[in-house]
Protein chains: 4
Amino acid sequence: MRLEGLYAPVPTPFNDRGDIDLDALSFNFDRWLTFPMDGIVVSGSNGECPLLTFPERAGLFRASARLAQGKMRIIAGIHCASTRETVELGREAAASGVDAVLVLPPHYYKGQNTPGSLAAYFETVADSVPVPVVLYNMPSNTGFNLDPGIVLKLSSHPNIIGIKDSSGDIVQIATICRDAPEDFGVFAGSGSFFLPSLAVGCTGGTMGVANLFADACRDILASFRKGDLDRARRLQLEIIDINQAVTKRFGVPGLKAALDHTGLYGGPVRPPLLPVSQAVRTEIAGIYDRFNSIYGGELS
Amino acid sequence: MRLEGLYAPVPTPFNDRGDIDLDALSFNFDRWLTFPMDGIVVSGSNGECPLLTFPERAGLFRASARLAQGKMRIIAGIHCASTRETVELGREAAASGVDAVLVLPPHYYKGQNTPGSLAAYFETVADSVPVPVVLYNMPSNTGFNLDPGIVLKLSSHPNIIGIKDSSGDIVQIATICRDAPEDFGVFAGSGSFFLPSLAVGCTGGTMGVANLFADACRDILASFRKGDLDRARRLQLEIIDINQAVTKRFGVPGLKAALDHTGLYGGPVRPPLLPVSQAVRTEIAGIYDRFNSIYGGELS
Amino acid sequence: MRLEGLYAPVPTPFNDRGDIDLDALSFNFDRWLTFPMDGIVVSGSNGECPLLTFPERAGLFRASARLAQGKMRIIAGIHCASTRETVELGREAAASGVDAVLVLPPHYYKGQNTPGSLAAYFETVADSVPVPVVLYNMPSNTGFNLDPGIVLKLSSHPNIIGIKDSSGDIVQIATICRDAPEDFGVFAGSGSFFLPSLAVGCTGGTMGVANLFADACRDILASFRKGDLDRARRLQLEIIDINQAVTKRFGVPGLKAALDHTGLYGGPVRPPLLPVSQAVRTEIAGIYDRFNSIYGGELS
Amino acid sequence: MRLEGLYAPVPTPFNDRGDIDLDALSFNFDRWLTFPMDGIVVSGSNGECPLLTFPERAGLFRASARLAQGKMRIIAGIHCASTRETVELGREAAASGVDAVLVLPPHYYKGQNTPGSLAAYFETVADSVPVPVVLYNMPSNTGFNLDPGIVLKLSSHPNIIGIKDSSGDIVQIATICRDAPEDFGVFAGSGSFFLPSLAVGCTGGTMGVANLFADACRDILASFRKGDLDRARRLQLEIIDINQAVTKRFGVPGLKAALDHTGLYGGPVRPPLLPVSQAVRTEIAGIYDRFNSIYGGELS
């Protein structure tokens, strides 16, 4: 498997009692399967992974692999705080039939992270889990940046196929693209910097806004690849606001509100996350509609 | 229960297979019960809490409450990423007979933390768990500082009895001491700034170095209380190096190495944490011995 | 000269045309000379030093040394961005009769600072300026922290007599107090952490609030020295708000507004600094009056 | 004047006594005039601006305007800490015949910066200086990021023609490109992210590496504009190392060492900056030669 193309990091649907709602997941999958995406990420940051139990995550992997029907790749976020749990969840994920797994660096004891300890962690996971591993750099949540030096060292591991970098540090992303092996995929971790990431060599991206506008995201990629930089740039600039709204600004609660607005299942978040206020819900709907109108209008 | 005096945040002992070693815990308790401490914190940062499973933590609470024999307070670190798991673990802790619970602020989705969401989290926990709650501010691990404004708002909750502040921000600590209700305990969260924290009104502290030199920590407190500032200051200055060695510099692996050196059970850490190197082990032993010699010599 | 006792970092008075107002300076000196202080700092951060020209600073040194009449120490802030200007201004300061000079670390090219380059800078200044040098650590303005390792190396230089540390990092301050030579003065750089700094061994402090309440600051020092920790603590806690108001919260504009409120000369700030709004002016007056009332009442 | 194309932020040459060497400047100009650049920036960060006196900077502006012979634009870095000095130096610059001026946000009293104070500063400068003003965001040196909201507000001022953004925050740069008026130029402030900045709409850039390889920088711009993204990307990726070496890693001392290596005049830096070591000098030469060989070889 090569890490390339367009992925959406999907939210985990909960019912009114706060439990995972597999019917809602199935409902969403019916729509996602019609989206021009290569795959989805489940149990990532957008999937409220730290708020799910081990069995919930394992169940989600089984359901997702089944619902994908082989028509779409599934990348399973397996990071747990301990190496042993990450490995165990990774094995569950592999047994469920997901295509790859996504792994954050350890970050609670960030003061004890060293190049050696990070390599040991990722190598143990990659050696123990029988599906490909994707590294995941997400400093705004973890408070820790995965240094390109370590990424490059890991990039030659036969079972580590790429990285999702959500840092937004475009020079870091460029350096990884330049120095990693040809078949190591580098993904923009946000729709807010998809085009600049492609410009420095990324093989694709996984982005919150793809839950809503996978067609426009795919359009950026296609426009870039066929050399229509002007269109790619206009799409990129216009898509920033709705992407920021459902990521940095309002987080998963914002994404779920936007999904509700579009007719997909958003539903409640799990505390300590709180739903957005009605005012924010209205603001998000407005940002969504504005992009929708631009994309259906001047950028159609 | 008032939060006051001296506590040690104890490590969780593992055997060679990486599982919790209750015999080693019992061995350590025999020693800790002879220490001049008011209590211990289990399943805190020093206890590798994020690396333990829910059942392991519950088991640790039961064992600790039993081993303490009512001679020492037990504060149980119950923070989980989701509110529902924190509450559930808190109820287990209470049922086990611990005296209080320690709770971090939510921190993975730190960008979504607001005064309202933080209050909702802590109030839900404090309303649901039938033993007193201690707030826990630990920015170097969580990447998030719990603002004094929020602490003060929570300080009037009848089931929130205090805070452990490991930030080292002495003005913040002073402000909380000044404005919180009389019976709200404020603990220095590190032995490196115990005396200055006492000077601004802290009611005690919980500190890694108390695992090793509870007598010297108690001595700082007693010297301060009886007005022997000169002795308190000399002890404080000398104890910094060994405290930093087993916290900020070498973390839990350093603390366990120091315990091994003293005849307590340190043992292995759980990956992704790695043991300290032999060179660091020797350095820690040297720092330990130096303080031990000073405390047994010129400061005896 | 030993660096010890209580200093006020005084503002630079400007007239309505924005020029230095030596009459106002003289007016303020008449009052400051009645304050229980050991000295004042001119052309420090509170003195708007970066906004003054070289000749203005030199003129300020001459005027201050003359106005002090030998009754009070004058420490002159001489830091310029280039070594050669710092040295030249230091020589002017010495020729003017000031008692010591205060020097920040270089900070615009902070990425190029190394232990060696910092040592070279401070040693050149200390070797070239014929009055004692005080180091000045002020990370909130410079964006750079002067590491204790470097401070300790410099502390043995015969012409470097101490440090003003405004970082608020109490463990760092404690470490310097512990390891520097006996005659190296360590000053708390803020009235918000004066007492905890004394508790770990500081020899005194220089603090914005001393411009307003030198008597209360002196009282903290005296109470601490005679072992009345309870009084020292109550004073420290109460003084934080007015000190924060004239430093961190509202800066030099806040300090000048407070001076105006007390009958000293505050006057305008120099742009790009802007005066505080009328609402903030009223708030500062309220904070001032509250402390004044406490200090004249329950703490008298 | 529109802010567009390629600029080099040039160093200020000093002779062995540490004074500005106008002969060396003239020698360098003879070469720069043959470079495919639209202009140069004098007295910017690379020009050691904070280490120069007011008269030195004014002299540099006069010399540069004369040496440019109207064949190349000159942008003069005029930022001083006080508004009045910035304005005065800006007027000197305008009188000297420079084409535009470059202005940092105030940053020593960064805690007092507000949208209103920043607007007041830049508007006063733009209203008072009779040549166009370019904003300059350089957080790694100033410790302060100029928010896009403020930039956009200022972008409609008739005498503010653009911004040099060295933050590397590609989403911020994209947002400014999207929302600023059509004729507002946005410059990548580093050669390390030139192509991604062009991809989101930048009108050009000013970059340390243009002092060495203006032809390759121009090639990135030209390749991008004619749609040869593949060539632009390969150039961008290869040029990062030499650009980082003469900016972030080794700073102005590194740039001067590289200039010495190429036959231009680099010469000494002004303390507190120190020259790079011989080992670093050799490393920089190696990085330079490697790019030179790639650019003359596979990328020729």
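Just a few scattered comments:
- Residue match in the stretch B:285-300 (condition: touching a Gly at 6+ places or on another chain (Cβ under 8 Å) and either open to solvent by 50 Å² or more (accessible area, probe 1.4 Å) or part of a helix (DSSP H, G or I) (or both)): no
- Residues in the stretch A:153-178 that are assigned to a helix (DSSP H, G or I), touching a Ser or Thr at 6+ places or on another chain (Cβ under 8 Å) and more than 8 Å from chain D (Cβ to nearest Cβ): A:Ile173, A:Ile176.
- If you filter the stretch C:75-102 down to residues that are among the aliphatic types (A, V, I, L, M) and out of contact with any strand residue (DSSP E or B) (no Cβ under 6 Å at 6 or more places or on another chain), you find that the one that is nearest to D:Gly251 (Cα to Cα) is C:Ala81.
- A:Ser277 being small (Gly, Ala, Ser), without any contact (Cβ under 8 Å) to a residue 24 or more places away in the chain, open to solvent by 20 Å² or more (accessible area, probe 1.4 Å) and within 29 Å of B:Ala126 (Cα to Cα): yes
- C:Asp183 being farther than 30 Å from C:Gly97 by Cβ and of a type in the set (D, E, K, R): no
- Check on C:Ala216, in contact with a Phe, Trp or Tyr (Cβ under 8 Å, 6 or more places away or on another chain) and over 25 Å from C:Leu135 (Cα atoms): yes
- The stretch B:61-81 - residue that is among the charged types (D, E, K, R) and out of contact with any Ser or Thr (no Cβ under 6 Å at 6 or more places or on another chain) and, of those, least open to solvent (accessible area, probe 1.4 Å): B:Arg73
- Selected residue [within 12 Å of chain D (Cβ to nearest Cβ), open to solvent by 10 Å² or more (accessible area, probe 1.4 Å), under 22 Å from C:Ala126 (Cβ atoms) and without any contact (Cβ under 8 Å) to a residue 12 or more places away in the chain] from C:Pro55, C:Pro50: C:Pro50
- Screening A:Pro181 against (1) out of contact with any helix residue (DSSP H, G or I) (no Cβ under 8 Å at 6 or more places or on another chain); (2) buried (at least 19 other Cβ atoms within 10 Å of the Cβ) leaves a single unmet condition, (2).
- Enumeration of residues in the stretch B:184-201 that are in contact with a helix residue (DSSP H, G or I) (Cβ under 7 Å, 6 or more places away or on another chain) and either closer than 27 Å to B:Ile284 by Cβ or part of a helix (DSSP H, G or I) (or both): B:Ala188, B:Ser190, B:Gly191, B:Ser192, B:Phe193, B:Phe194, B:Leu195, B:Pro196, B:Ser197, B:Leu198, B:Ala199
- Across the stretch C:82-93, the qualifying residues are those that are small (Gly, Ala, Ser) and under 22 Å from C:Asn141 (Cα atoms), and the one among them that is surrounded by the fewest Cβ atoms within 10 Å (Cβ to Cβ) is C:Ser82.
- Residue in the stretch A:94-103 that is within 12 Å of chain B (Cβ to nearest Cβ), over 17 Å from A:Leu3 (Cα atoms), open to solvent by 20 Å² or more (accessible area, probe 1.4 Å) and modelled with pLDDT of 95 or more present: no
- The single residue among B:Gly208, B:Gly254 that is more than 14 Å from chain C (Cβ to nearest Cβ), under 16 Å from the mean Cα position of the chain (by Cα), surrounded by 24 or more Cβ atoms within 10 Å (Cβ to Cβ) and not in a strand (DSSP E or B) turns out to be B:Gly254.
- All positions within the stretch D:111-134 that are touching a residue at least 24 places away in the same chain (Cβ under 8 Å) and within 14 Å of chain C (Cβ to nearest Cβ): D:Asn113, D:Pro115, D:Leu118, D:Ala119, D:Tyr121, D:Phe122, D:Glu123, D:Thr124, D:Val125, D:Ala126, D:Asp127, D:Ser128
- For the stretch A:223-251, a residue qualifies if it is open to solvent by 10 Å² or more (accessible area, probe 1.4 Å) and either charged (D, E, K, R) or under 12 Å from A:Asn211 (Cα atoms) (or both), and the qualifying residues are A:Arg225, A:Lys226, A:Asp228, A:Asp230, A:Arg231, A:Arg233, A:Arg234, A:Glu238, A:Asp241, A:Thr247, A:Lys248, A:Arg249.
- Residue within the stretch C:151-165 that is within 16 Å of the chain's Cα centre (by Cα), over 25 Å from B:Ser223 (Cβ atoms) and hydrophobic (A, V, I, L, M, F, W, C) present: yes
- One residue stands out among those in the stretch A:162-175 that are in contact with a strand residue (DSSP E or B) (Cβ under 8 Å, 6 or more places away or on another chain) and buried (at least 24 other Cβ atoms within 10 Å of the Cβ): the one that is nearest to D:Ala188 (Cα to Cα), which is A:Ile173.
- The listed residue being touching a residue at least 12 places away in the same chain (Cβ under 8 Å), out of contact with any His (no Cβ under 8 Å at 6 or more places or on another chain) and of a type in the set (Asp, Glu), out of A:Asp38, A:Asp23, A:Asp19, A:Asp30: A:Asp38
- Selection count, the stretch A:10-19, where residues are open to solvent by 10 Å² or more (accessible area, probe 1.4 Å) and within 19 Å of the chain's Cα centre (by Cα): 0
- Residue in the stretch B:29-41 that is surrounded by fewer than 24 Cβ atoms within 10 Å (Cβ to Cβ), within 14 Å of another protein chain (Cβ to nearest Cβ) and among the aliphatic types (A, V, I, L, M) present: no
- Considered as a group, the residues in the stretch D:233-251 that are over 18 Å from the mean Cα position of the chain (by Cα) and free of Cβ contacts under 8 Å to residues at least 40 places away in the same chain include one that is nearest to the other protein chains (Cβ to nearest Cβ), and that residue is D:Leu237.
- Selected residue (criterion: farthest from the other protein chains (Cβ to nearest Cβ)) from residues of the stretch C:257-266 that are in a helix (DSSP H, G or I) and open to solvent by less than 40 Å² (accessible area, probe 1.4 Å): C:Thr262
- Of the criteria (1) away from chain A (no Cβ under 14 Å); (2) under 23 Å from B:Ser140 (Cβ atoms); (3) assigned to a loop (DSSP other than H, G, I, E, B), which one B:Thr12 fails: (1)
- Set B:Gly149, B:Gly143: member being open to solvent by 40 Å² or more (accessible area, probe 1.4 Å), in contact (Cβ under 8 Å) with a residue 24 or more places away in the chain, within 14 Å of chain A (Cβ to nearest Cβ) and not aromatic (Phe, Trp, Tyr): B:Gly143
The values are calculated or read from the model by the stated rules, or taken from the named source; none is laboratory data. Keep in mind the model is a prediction, meaning the values are calculated, not measured. Counting neighbours? That spans all protein chains shown, and the Cβs are built from the backbone with ideal geometry, glycine included. The area values use the complete protein model at the heavy-atom level, side chains included, leaving out ligands, DNA and RNA. Shrake-Rupley method; radii C 1.70, N 1.55, O 1.52, S 1.80 Å.
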